[in-house]
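Student: My questions will all concern the structure given below.
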Amino acid sequence: MVTLAEGSYRDKVQGGWLGKLIGAALGIPLDGQKRSHELGPAQLQRLPAGYPPAIPSVDFQLVWLRALHCLGPQLTSDDLIAAGLRHITYADWEYAYAVSNFRRDLRPPLSGVFDNPFRTALGALARADLWGLVAPGDPRRAAEYARQDAMLDHSGPGVEAAAVVAAMVSAAFAETDPARLIEIALGLIPKDSRVARAMRDVARWHGELANWPRTREMLLRSHGSEEVRDSAVAAGLVALALLHERGDLRRTLLTAANCGWSTAATCAAAGAIAGVIAGAASFPAEWREAVRGEVRSGWGVVGMGPPVPAEVLAEQIAEMGILVISAECAGRVQLAQEPPEEAPTLTAPDGSGLVRQFAMGPYVVAFRRAPLEVHVDYDGRPTIGYDVPRRLTIGVTNRGGRTMELTARISAPDGFVVETNADRIALPEGGSVSFAATITAPGEQGRIGSANPCTLFLSVEESAEVTVPICLVGEALWYAAGPYGDFEEMHAPEQPGFLSGETPLGGEGWRRLSAAEPAVNLVAGMEGEPGTYYLATDYWLPRARRGRLRAGCNDGVKVWLNGQEVFSQHEHRPPSPTSADEFEVELWEGWNRLMVKLAQCSPRRLLSIALKDLDGHLLVEATNTQPRSGSASASA
């Protein structure tokens, strides 16, 4: 049991919150610069103008804090989704792709992993400190909160890094040794994950070298990626700053900034952890004065009311934390009016249950339908294409107090064929059973939509049926031709009829390509020798509008829309989500023919395509899951 004096708890929340804001202010001017820096103590003598800065990660935390106040400590993923859709309008990075998944009825963890090119980025890490502040001394509960949050718009390292940061913030209320904080946090995620391996290597190298530039170099060499916002690298840099400076706040912030890369997030996370260790009472006077500034939300937040002074916001976080301790941390953490006689110590929590949840992966969705616990395994992708059976595995566990007899059935859209091997199943108390279901959309005459809702019905003997939603996103229907010769030459597919949409796709020389994740890489499964390829699809829109087309490619690309060339570039780039261009396009009501000419010199092929509105939000209503009808204005 961890016993915290209430006054000390409030002071450490202030310290963590102020440390985060100071770290962000220091890191924002350097953010995205991959080189190391040589900042000195003078950089921390006074904070940049406009402190506290408007930070997207803080915007999310303001919204989550309001959800906690309104709904209580047991808030769910659906609560966070509703709060985000109500208040957050940002159309950048991973959250924008998650919102498009919400609109297609995908819920976490599918919303974070599916068709999201930034799913392993650090957006969730950057906002995870809130969960450690409201669950002090209970790193497992803090990590559970952070995982629930991160799965909205991330997967894999993006979720694991958030859980680790939240756990370290939480543990810092009772522990001061950074090595111990890292050890406790890593016990809550799979030990073979990229995040765990990166942080353990940093700890080992730092112990051997005690030289942060050299350790940084080894981290980037062994675990780096082409994406500057990579979560595993960010977690490793946070660990390095804490270890090298032994949690000292000033020096930790400077080292985090000097490491470069994603400094807006890494400096803020390191500042939150070191700030909790230090407590606000130990902050210099100029920093404590700065906390009186107002925290203003950014342009992407609506309906949140007037700005709030940072110190008032910290008090609100502490008040929420007192409720969380009572409701969620009972038996592990308690608050006292007076400081305990001995300093609080923290026993490493049993993280086996949380590790198992991580190990299930992002394509298994869990539901609790008392007395049943249901898992739907989407077998690697929540999509469906024409004529290809989609196999799902349904797992059911009896959490009731007696043996029961179970029946199951699945409904699907008209024209879909469903097959299951589930008859009447005897399910003993505590027992589990799994069965397979296959769903097929036969033939191009079928109608696969952007979202294809199915429902699993489960009944226990004479009880009323319970339902579990199953959503299969329609795979994008593309056609590919090639390889042809030189990219700069004109080849057969560049006929006016193909470019404009007058000539149907799928004739001689074209092969159908069912793209599960076109915003990530629609040529991921396309094989062939190097050369020039053409890819084409027909989008249907309910109304004409101007929009933006995001085209990502690691080589040359030329794009036509409705017969007009709208973009062209030819340069070699890393196969990274950031290797993309956006440009405005004019979209017609009804059918729109999009054709892409692709140069592929490298065996690593990348072509990502996403349609957005002028504000940057993905156009979910633009669909290309069905073959084009004969009329250019025909409705899908």
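Residues are listed down the side, and each one gets a yes or a no for (1) touching a residue at least 12 places away in the same chain (Cβ under 8 Å); (2) surrounded by fewer than 16 Cβ atoms within 10 Å (Cβ to Cβ); (3) outside any loop (DSSP other than H, G, I, E, B):
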{"position": "Tyr479", "(1), (2), (3)": "yes, no, yes"}
{"position": "Phe487", "(1), (2), (3)": "yes, no, no"}
{"position": "Gly506", "(1), (2), (3)": "yes, yes, no"}
{"position": "Ser514", "(1), (2), (3)": "yes, no, yes"}
{"position": "Ala519", "(1), (2), (3)": "yes, no, yes"}
{"position": "Val523", "(1), (2), (3)": "yes, no, no"}
{"position": "Met526", "(1), (2), (3)": "yes, no, no"}
{"position": "Asp538", "(1), (2), (3)": "yes, no, yes"}
{"position": "Gly547", "(1), (2), (3)": "yes, no, yes"}
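Student: From the list Glu319, Glu342, exactly one residue is surrounded by fewer than 16 Cβ atoms within 10 Å (Cβ to Cβ), modelled with pLDDT under 95 and out of contact with any strand residue (DSSP E or B) (no Cβ under 8 Å at 6 or more places or on another chain). Which is it?
Tutor: Glu342
Student: May I ask you to say which residue of Ala314, Ala280, Ala264 is on the phi < 0 side of the Ramachandran plot, touching an Asp or Glu at 6+ places or on another chain (Cβ under 9 Å) and either buried (at least 23 other Cβ atoms within 10 Å of the Cβ) or modelled with pLDDT under 90 (or both)? Full working, then the answer.
Tutor: On the way: Ala314 fails: touching an Asp or Glu at 6+ places or on another chain (Cβ under 9 Å); Ala280 fails: either buried (at least 23 other Cβ atoms within 10 Å of the Cβ) or modelled with pLDDT under 90 (or both).
Just a single option satisfies the conditions, and that option is Ala264.
Student: Return the total of residues in the stretch 69-83 being outside any helix (DSSP H, G or I) and more than 23 Å from the chain's Cα centre (by Cα).
Tutor: 1
Student: Condition check: among the hydrophobic types (A, V, I, L, M, F, W, C) and touching a Lys or Arg at 6+ places or on another chain (Cβ under 7 Å). Does Ile384 satisfy that?
Tutor: Yes; evaluated as a whole, the condition is true for this residue.
Residue-by-condition table, conditions (1) surrounded by fewer than 24 Cβ atoms within 10 Å (Cβ to Cβ); (2) in contact with a helix residue (DSSP H, G or I) (Cβ under 8 Å, 6 or more places away or on another chain); (3) polar (S, T, N, Q); (4) under 30 Å from Ser8 (Cα atoms):
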residue: Pro73; (1), (2), (3), (4): yes, yes, no, yes
residue: Leu85; (1), (2), (3), (4): yes, yes, no, no
residue: Arg103; (1), (2), (3), (4): yes, no, no, no
residue: Thr120; (1), (2), (3), (4): no, yes, yes, no
residue: Ala126; (1), (2), (3), (4): no, yes, no, yes
residue: Leu133; (1), (2), (3), (4): no, yes, no, yes
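Student: I've got another one for you. So Arg391 clears everything in (1) part of a loop (DSSP other than H, G, I, E, B); (2) at pLDDT 95 or above except one condition, right? Which one?
Tutor: Unmet condition: (1).
Student: Any chance the stretch 152-159 includes a residue that's among the charged types (D, E, K, R), closer than 21 Å to Arg119 by Cβ and touching a Gly at 6+ places or on another chain (Cβ under 6 Å)? Steps first, please.
Tutor: Step one: filter the stretch 152-159 for residues among the charged types (D, E, K, R), giving 153.
Those left that are additionally closer than 21 Å to Arg119 by Cβ: 153.
Add one more test, that the residue is touching a Gly at 6+ places or on another chain (Cβ under 6 Å), and what stays is 153.
Yes, that holds for at least one residue.
Student: Separate question: Suppose the filter is part of a helix (DSSP H, G or I), touching a His at 6+ places or on another chain (Cβ under 8 Å) and more than 23 Å from Leu611 (Cα to Cα); does Val63 pass it?
Tutor: Here the answer is yes, as Val63 does meet what is asked.
Student: Further question on the same structure: Between Ala162, Ala172, which is in the same structural domain as Lys20 (by TED's automatic domain parsing), in contact with a His (Cβ under 8 Å, 6 or more places away or on another chain) and crowded, with 23+ Cβ neighbours inside 10 Å?
Tutor: From the options Ala162, Ala172, the qualifying one is Ala162.
Student: Run Glu38 past the list (1) more than 30 Å from the chain's Cα centre (by Cα); (2) outside any loop (DSSP other than H, G, I, E, B) and report the number of the one that doesn't hold.
Tutor: The one condition Glu38 does not meet is (2).
Student: Related question: If the requirement is being among the charged types (D, E, K, R) and touching a Leu at 6+ places or on another chain (Cβ under 7 Å), which of these qualifies: Glu183, Glu94, Glu144?
Tutor: Within the list Glu183, Glu94, Glu144, the selection yields Glu144.
Student: So the check is Cβ under 8 Å with 6+ separation or different chains; which pairs have a first residue in the stretch 93-114 that's closer than 16 Å to Gly474 by Cβ and a second one that's surrounded by fewer than 22 Cβ atoms within 10 Å (Cβ to Cβ) and among the charged types (D, E, K, R)?
Tutor: Phe114/Arg381; Phe114/Glu517
Student: Have a look at Gly112, Gly137 and point out the one that is of a type outside the set (A, V, I, L, M), in a loop (DSSP other than H, G, I, E, B) and crowded, with 24+ Cβ neighbours inside 10 Å.
Tutor: Going through Gly112, Gly137 in turn, the sole match is Gly137.
Student: With a cut-off of at least 3 residues that are closer than 27 Å to Leu71 by Cα, name the helices (runs of 4 or more DSSP H) lying wholly within the stretch 272-386.
Tutor: Result: 310-328, 352-359.
Student: What is the one condition in (1) touching a helix residue (DSSP H, G or I) at 6+ places or on another chain (Cβ under 9 Å); (2) under 27 Å from Ile189 (Cβ atoms); (3) surrounded by 12 or more Cβ atoms within 10 Å (Cβ to Cβ) that Thr393 does not satisfy?
Tutor: So Thr393 meets the others, but not (1).
Student: Next question. Might you let me know whether the stretch 563-576 holds any residue that is within 22 Å of Phe487 (Cβ to Cβ) and surrounded by 23 or more Cβ atoms within 10 Å (Cβ to Cβ)?
Tutor: Applying the first criterion (within 22 Å of Phe487 (Cβ to Cβ)) to the stretch 563-576 yields 563-576.
From what is left, the residues that are surrounded by 23 or more Cβ atoms within 10 Å (Cβ to Cβ) are none.
No, the conditions are met nowhere in the stretch 563-576.
Student: Testing Val99 on (1) of a type in the set (A, V, I, L, M); (2) more than 19 Å from Asp78 (Cα to Cα); (3) in a helix (DSSP H, G or I), one condition comes back false. Which one is that?
Tutor: (2)
The values are calculated or read from the model by the stated rules, or taken from the named source; none is laboratory data. Note that the structure is predicted; figures quoted are calculated from it, not measured. A quick note on method: Cβ atoms are made from the backbone with ideal geometry, for glycine too, and the neighbour counts reach across all protein chains shown.
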